[in-house]
Amino acid sequence: MRNLIIFLRRYFNFFLFLLLEVICLVFVFRTNNFQRTVYLNSANGVSGKLYTRYNDIQYYFHLKSTNDSLVSENLALLQQLPTSFEKKDTASQVKFDTLRKFTNDTARKLLGTEVRKFLYRSAKVVNNSVNKPVNFITINRGSKDGIRPNMGVIGPNGVVGVVRTASENYAVIISLLTKSNGSTSSFSFSSRLKNSGEIGTVYWDGYDGGYVTMKDVPRSAKLHKGDTVVTSGFSAVFPENMNIGYIDTFYIGEKASTSVTIRLKLATNFYNLQYVYVIENLLRDEQERLEDSTRKMLK
Amino acid sequence: MSILLRNIIRFILLILFQVMVLDRILVHQMVNPYLYMLFVLLLPFNIPRPALQFLGLLLGLTLDMFSDSMGIHAAACVFIAYLRPFVLNILSPQGGFEGPQRTPSVTTMGISQFAIYVTVMVLLHHIAYFCLSVFSFADPLYLLTKILLSTTASLLLILIYELLFFSRK
């Protein structure tokens, strides 16, 4: 016993070192546990406030490019307005309603159930990084505004990321710029070629903040430089046809390989991101419940 | 100015400089300079080793709070705080560096000794930090390039710091 105490005292510094390192590593590997670490990231009050102050100043230097992107987004929306199309047949107009529609007679027959699926909330970016292996974006909306983990986030031009944690007034987004190798377990997006409809997986290789990689595209796909790649809509996170990027170059990894790897120029400019939209899928719970119960039935 | 006050001010200023300036500058995808660990390097020679490690932990956690890295900076800082006495021991002449309250600097250690000390410590910090943050050895070239380029950038910053705050005392 005495020897043990002498031993411990002699190597006290080393044991202290081991203890502290273990504490740090526990922090690192507990990051999946949202509630415990939410106070140790930039969604907490102190650093959130500091970043908001900082952004108030820094924002002015980006006003011009922010305006440009908002104007082009407005333009895209105006193009879709019903009034910008000439209608030959006035009876063909379709009115959308989020309520259940019934016939007017006493039978009350159900005519249609168009319900809202995606709800958008705007948010201001208060902190953003692009040069780390895993990049995070802090926004000034939190659980008070209905932001919850795993909601999709898009910018004025295209996909941005997925909400990771939310405190009362702030939320942290994992940016699309998160280094991964494109395997199913790592951070990647299901995507689709807009013209021909082939499906692939988009991920970031960690080298350049302006480009991402799309893999597993069949060789039969007809590819042209500048073609648009959009979200597939398979996951419950993003609606379909959201821009991800544009084809820059493409190559076939091995001669016998059946798939093409494409380098995409990102639609979103992560270097001057100022406003984002958080997408809530109102039918997500229903979709996931159904999928889970189907999986259980198969077991 | 007392050593304690000087170090408290240095702690705050280095953290603010790291968060407000260095993390915002995009030199290149592969170059992420860090200056904040200079606080650990410049603590006095005679500081007790447990205190050194706890200060490293505090410094790392403070920066982790701002950069969403949750423990990675803290692990790297504790790592260099633990290894600091060994590095200093190897570099020190017979009987140690003179004076009870002296801190590592160009004047107390000599230019070449100080340069080796800073280079080794910064390299160790960057190895620990980037290994943990990339957390994959699948792409060793990526990791190695990032460590070497970032170390060079950080050393350049420390050189500028030393030129700015050089004192003959």
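Restricting attention to the range B:92-106, does a residue exist that is part of a helix (DSSP H, G or I) and either out of contact with any Asp or Glu (no Cβ under 7 Å at 6 or more places or on another chain) or within 12 Å of another protein chain (Cβ to nearest Cβ) (or both)? Working first, answer last.
From the range B:92-106, those part of a helix (DSSP H, G or I) are B:106; that's our starting set.
Right, trim to either out of contact with any Asp or Glu (no Cβ under 7 Å at 6 or more places or on another chain) or within 12 Å of another protein chain (Cβ to nearest Cβ) (or both) and you get none.
No.
Quick test for you: out of A:L78, A:L16, A:L25, pick the one residue that is at pLDDT 85 or above, assigned to a helix (DSSP H, G or I) and either away from chain B (no Cβ under 13 Å) or within 30 Å of B:H73 (Cα to Cα) (or both).
Step by step, each of A:L78, A:L16, A:L25 is checked, and only A:L16 is at pLDDT 85 or above, assigned to a helix (DSSP H, G or I) and either away from chain B (no Cβ under 13 Å) or within 30 Å of B:H73 (Cα to Cα) (or both).
Among the residues of the range A:123-148, which ones are assigned to a loop (DSSP other than H, G, I, E, B) and more than 14 Å from chain B (Cβ to nearest Cβ)?
The answer is A:N140, A:R141, A:G142, A:G146, A:I147, A:R148.
Limited to the range B:62-88, what total is found for residues that are among the hydrophobic types (A, V, I, L, M, F, W, C), closer than 16 Å to A:F17 by Cβ and crowded, with 19+ Cβ neighbours inside 10 Å?
Within the range B:62-88, residues that are among the hydrophobic types (A, V, I, L, M, F, W, C), closer than 16 Å to A:F17 by Cβ and crowded, with 19+ Cβ neighbours inside 10 Å number 8.
Looking for whichever is more than 18 Å from B:V40 (Cβ to Cβ), within 14 Å of another protein chain (Cβ to nearest Cβ) and in contact with a Ser or Thr (Cβ under 9 Å, 6 or more places away or on another chain) here; the options are B:L143, B:L132, B:L149, B:L63. Which one fits?
B:L143
Looking at (1) free of Cβ contacts under 8 Å to residues at least 40 places away in the same chain; (2) under 13 Å from A:S196 (Cβ atoms); (3) more than 24 Å from the chain's Cα centre (by Cα), which one does A:R219 not meet, given that it meets all the others?
With (1) free of Cβ contacts under 8 Å to residues at least 40 places away in the same chain; (2) under 13 Å from A:S196 (Cβ atoms); (3) more than 24 Å from the chain's Cα centre (by Cα) applied to A:R219, the lone miss is (1).
Only one of A:S196, A:S175, A:S220, A:S235 is outside any loop (DSSP other than H, G, I, E, B), among the polar types (S, T, N, Q) and either touching a helix residue (DSSP H, G or I) at 6+ places or on another chain (Cβ under 8 Å) or surrounded by fewer than 19 Cβ atoms within 10 Å (Cβ to Cβ) (or both). Can you tell me which?
Matching residue, one of A:S196, A:S175, A:S220, A:S235: A:S175.
Can A:V163 be described as in contact with an Asp or Glu (Cβ under 7 Å, 6 or more places away or on another chain) and crowded, with 23+ Cβ neighbours inside 10 Å?
no
From A:S180, A:S167, A:S186, grab the single residue that is at pLDDT 85 or above and among the polar types (S, T, N, Q). Step through it out loud before you land on a result.
On the way: A:S180 fails: at pLDDT 85 or above; A:S186 fails: at pLDDT 85 or above.
Selected residue: A:S167, the only one of A:S180, A:S167, A:S186 that is at pLDDT 85 or above and among the polar types (S, T, N, Q).
Could you check, for the range A:213-222, whether at least one of its residues is within 14 Å of another protein chain (Cβ to nearest Cβ) and either on the phi < 0 side of the Ramachandran plot or not acidic (D, E) (or both)?
Going through the range A:213-222, the residues within 14 Å of another protein chain (Cβ to nearest Cβ) turn out to be A:213.
Then keep just the ones that are either on the phi < 0 side of the Ramachandran plot or not acidic (D, E) (or both); that gives A:213.
So far as the range A:213-222 goes, yes, one or more of its residues are within 14 Å of another protein chain (Cβ to nearest Cβ) and either on the phi < 0 side of the Ramachandran plot or not acidic (D, E) (or both).
May I ask you to list the residues in the range B:38-60 that are more than 10 Å from chain A (Cβ to nearest Cβ), of a type outside the set (A, V, I, L, M) and either in contact with a strand residue (DSSP E or B) (Cβ under 7 Å, 6 or more places away or on another chain) or more than 20 Å from B:S154 (Cβ to Cβ) (or both)?
Within the range B:38-60, B:P44, B:F45, B:N46 qualify.
Within the range A:238-262, can you find the residues that are within 16 Å of the chain's Cα centre (by Cα) and part of a loop (DSSP other than H, G, I, E, B)?
Result: A:F238, A:P239, A:E240, A:N241, A:M242.
Rundown of residues vs (1) without any contact (Cβ under 8 Å) to a residue 60 or more places away in the chain; (2) out of contact with any Cys (no Cβ under 8 Å at 6 or more places or on another chain); (3) over 24 Å from A:A76 (Cβ atoms), yes/no style:
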{"residue": "A:M242", "(1), (2), (3)": "no, yes, no"}
{"residue": "A:Y251", "(1), (2), (3)": "yes, yes, yes"}
{"residue": "A:T258", "(1), (2), (3)": "yes, yes, yes"}
{"residue": "A:F270", "(1), (2), (3)": "no, yes, no"}
{"residue": "A:V278", "(1), (2), (3)": "no, yes, no"}
{"residue": "A:L283", "(1), (2), (3)": "no, yes, yes"}
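Can you pull out every residue in the range B:17-36 that is more than 9 Å from every other protein chain (Cβ to nearest Cβ) and more than 24 Å from B:L143 (Cβ to Cβ)?
Across the range B:17-36, the qualifying residues are B:F17, B:V21.
Look through A:I244, A:I174 and report the one residue that is at pLDDT 85 or above, touching a Phe, Trp or Tyr at 6+ places or on another chain (Cβ under 8 Å) and within 14 Å of chain B (Cβ to nearest Cβ).
A:I174
The values are calculated or read from the model by the stated rules, or taken from the named source; none is laboratory data. What you see is a predicted model; the values in this text were computed from it and never measured. Quick reminder, even Gly has a Cβ in these numbers, built from the backbone with ideal geometry, and neighbours come from all protein chains shown.
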